[in-house]
Amino acid sequence: MNTKTSYHHGRGVEQFLAKHGANVTGVISGFDRLRLRASLRWLYQPSFMKRYLCEARVLLKDFGSYATGLSNRIRAAAHAFAAHEHRPVRYLHSTALSKEELARTLAEHDGVDEGLIGLFDIVEPCLTYFVRGDRAAHRLRLELRPGKCLQHSFCFQHAEFGLMHLRLQSWFPFQVTVCLNGRLWLARQMDHAGLGYVQRDHAFIAIEDFARAQWLADAQARAPLVRALEKLLAPCHPLAGELCRPLGLSYYWSVDQSEYATDIMFKSPAALAAIYPQLVQHGIQHCGSTEVLRFLGRVVPAPGHVHRRYKGEVETSLQHRPEGVRLKHYASGNSIKLYDKHGQGRASRPR
């Protein structure tokens, strides 16, 4: 007996397909941008940071030299890893430069299909520690506040995740950030499964078997990510064990930012172009503050008014970007986006 597996991408998508399905070749839903964070959580509390320094036998007056020594060793280890892999180290003078584009260009130029592409060093904002004098109390005080320090960005062509990077903060509390893309990860999954597809940038233009591809995309949520990320972190941050030792700490992994996207692939760009202006107009006229907040999980009272305790703002922007026309609703750091990327439709949202 032959069976056919069907996937439900949500009521809105199902209603859209019921009306426009004749012009659609397929739909794929899954993670897009993912930013994961590894942190020594206890060190974000100044009281525990003082205890850490006490266990490490470091006085506050010596904190600067102690932290500088660790920072120098972390930089030396990062550069040694790049040298061992025969990959370049580049210092970037501007945060406006896209490390992803630089890594992609470098990988194509040097033919890097797997492994470390390069190491980019750059001074970037961070949350870090300073020692300041308290004249009134006649003592030194340890402060956790925004600052800047050298960050080491290791860019990889990963066998499982595709193009990605790991960023290591070189000053206390030595936070680690990993950025990867769910669509590039899915492409690697389909490669391993022998499933054909056409991809442009991060977007899929065509997929051989949408049901199998959706099963692979859904499997990402069950993947043992921490195990893979710990394996990735080890050569980039060999001092991690030493840093954790004074208080018996370990790096804690969490999701810092995630984006979940639904790609609707049309038979032709013209088929989407015929209805896209109407979709944008509908999104502007009929998606008000209450609809956006409700979609983003905020409490909206039954009468349909914004909750009186909500103090934020809901904003909407319409922009012509290189990848297409983008409509974006955002509130309190979360957003919903719609755009006609490469002549295909996409809706993305936080998750």
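The values are calculated or read from the model by the stated rules, or taken from the named source; none is laboratory data. This structure is a prediction, so every number in the text was calculated from the model and none was measured. Using ideal geometry, Cβ is built from the backbone for each residue, glycine included, and neighbour counts are taken over all protein chains shown.
Numbers for the structure displayed
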| item | result |
| --- | --- |
| Residue check, ALA67 assigned to a helix (DSSP H, G or I) and in contact with a strand residue (DSSP E or B) (Cβ under 9 Å, 6 or more places away or on another chain) | yes |
| Of the criteria (1) in a strand (DSSP E or B); (2) surrounded by fewer than 19 Cβ atoms within 10 Å (Cβ to Cβ), which one HIS93 fails | (1) |
| Failed condition for LYS19, given (1) among the charged types (D, E, K, R); (2) more than 27 Å from the chain's Cα centre (by Cα); (3) modelled with pLDDT under 95; (4) surrounded by 11 or more Cβ atoms within 10 Å (Cβ to Cβ) | (4) |
| Members of region 251-286 that are over 22 Å from GLY26 (Cβ atoms), out of contact with any helix residue (DSSP H, G or I) (no Cβ under 8 Å at 6 or more places or on another chain) and touching a residue at least 24 places away in the same chain (Cβ under 8 Å) | SER254, VAL255, ASP256, GLN257, SER258, VAL280, GLY283, ILE284 |
| Residue check for LYS50: more than 29 Å from the chain's Cα centre (by Cα) and either assigned by TED's automatic domain parsing to the domain that holds LEU144 or assigned to a loop (DSSP other than H, G, I, E, B) (or both) | yes |
| Residue selected from region 333-344 under the condition in a loop (DSSP other than H, G, I, E, B) and modelled with pLDDT under 85, by the criterion farthest from PRO269 (Cα to Cα) | GLY333 |
| Hits in region 235-278 - residues which are within 30 Å of SER47 (Cα to Cα) and of a type in the set (Phe, Trp, Tyr) | TYR251, TYR252, TRP253 |
| Odd one out for ALA261 among (1) modelled with pLDDT of 85 or more; (2) among the small types (Gly, Ala, Ser); (3) not in a strand (DSSP E or B) | (3) |
| Filtered residues of region 143-182 (kept if of a type in the set (Asp, Glu) and assigned to a strand (DSSP E or B)) | GLU143 |
| Near pairs, Cβ below 7 angstrom, 6+ apart or cross-chain, from region 105-117 (in contact (Cβ under 8 Å) with a residue 40 or more places away in the chain) to any residue that is of a type in the set (Val, Ile, Thr) | LEU106/ILE117; ALA107/ILE117 |
| Residue selected from region 287-332 under the condition part of a loop (DSSP other than H, G, I, E, B) and aliphatic (A, V, I, L, M), by the criterion surrounded by the fewest Cβ atoms within 10 Å (Cβ to Cβ) | ALA302 |
| Qualifying positions in region 251-280 - loosely packed, with under 12 Cβ neighbours inside 10 Å and not aliphatic (A, V, I, L, M) | SER254, LYS267, SER268, PRO277, GLN278 |
| From CYS155, CYS126, residue being under 28 Å from VAL255 (Cα atoms), buried (at least 21 other Cβ atoms within 10 Å of the Cβ) and either among the acidic types (Asp, Glu) or touching a Gly at 6+ places or on another chain (Cβ under 9 Å) (or both) | CYS155 |
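Quick grid of which residues meet (1) without any contact (Cβ under 8 Å) to a residue 24 or more places away in the chain; (2) among the β-branched types (Val, Ile, Thr); (3) not in a helix (DSSP H, G or I):
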| residue | (1), (2), (3) |
| --- | --- |
| LEU184 | yes, no, no |
| GLN189 | no, no, no |
| PRO238 | no, no, yes |
| CYS244 | no, no, no |
| LEU249 | no, no, yes |
